[in-house]
Amino acid sequence: QVRVVESGGGLVQPGGSLRLSCVASGSIFRIDDMGWYRQAPGKQRELVAAITSGGSTNYADSVKGRFSISRDNAKNTAYLQMNSLKPEDTAVYYCKANSWSFSSWGQGTQVTVSS
């Protein structure tokens, strides 16, 4: 069983920055893809950014140029650097780790952008 834990959320003013971390642990041989998703109240969960084991990245149009995803394969960890945050970025942010043998979600971390 694979456990995914996110951290780093909080309250930040518009224009500010946060860095989220996601650590996967358990019976892991290899993680193929890691992704960050978010869900705002009353809205569907959406992909924010994803990264493959080789480092290829994909971003939602709404965060391109502001957010950056990275990972440390040796530590089974992914990061989401969020800059120039806007009120509309407010949501619960979830991490997902995938391989051929598992697909696991974290419990989420709240990000609130407000003055």
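The values are calculated or read from the model by the stated rules, or taken from the named source; none is laboratory data. Everything quoted here is computed from the prediction, not taken from an experiment. Positions of Cβ are backbone-derived with ideal geometry, glycine not excepted, and every protein chain shown enters the neighbour counts. Surface accessibility is based on the protein's heavy atoms, side chains included, excluding ligands, DNA and RNA. Shrake-Rupley method; radii C 1.70, N 1.55, O 1.52, S 1.80 Å.
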What number of residues within segment 89-115 are in contact with a Cys (Cβ under 8 Å, 6 or more places away or on another chain) and open to solvent by less than 70 Å² (accessible area, probe 1.4 Å)? 3
Look through 75, 86 and report the one residue that is in contact with a Pro (Cβ under 7 Å, 6 or more places away or on another chain), charged (D, E, K, R) and open to solvent by 20 Å² or more (accessible area, probe 1.4 Å). 86
Check on residue 56, surrounded by fewer than 13 Cβ atoms within 10 Å (Cβ to Cβ) and of a type outside the set (Phe, Trp, Tyr): yes
Name the one entry in 6, 46 that is among the charged types (D, E, K, R), under 30 Å from residue 115 (Cβ atoms), buried (at least 18 other Cβ atoms within 10 Å of the Cβ) and at pLDDT 95 or above. 6
Qualifying residues in segment 79-104 (those that are among the small types (Gly, Ala, Ser) and modelled with pLDDT of 95 or more) - the one nearest to residue 23 (Cα to Cα): 97
Considering every residue within segment 17-30, establish whether at least one is assigned to a loop (DSSP other than H, G, I, E, B), over 14 Å from residue 110 (Cβ atoms), open to solvent by 60 Å² or more (accessible area, probe 1.4 Å) and among the basic types (Lys, Arg). yes
Give all pairs with beta carbons closer than 6 Å in which a residue from segment 93-107 that is within 12 Å of residue 36 (Cα to Cα) meets a residue that is in a loop (DSSP other than H, G, I, E, B) and among the aliphatic types (A, V, I, L, M); count only pairs at least 6 apart in sequence or on separate chains. 97/31
Scanning segment 18-42 for residues that are within 14 Å of the chain's Cα centre (by Cα) and of a type in the set (S, T, N, Q) gives 21, 39
Does segment 55-71 hold any residues that are on the phi < 0 side of the Ramachandran plot and touching a strand residue (DSSP E or B) at 6+ places or on another chain (Cβ under 8 Å), and which are they? 57, 58, 59, 60, 63, 66, 67, 68, 69, 70, 71
Counting just the residues of segment 85-104 that are in contact with a Phe, Trp or Tyr (Cβ under 9 Å, 6 or more places away or on another chain) and of a type in the set (S, T, N, Q), which one comes out nearest to residue 48 (Cα to Cα)? 99
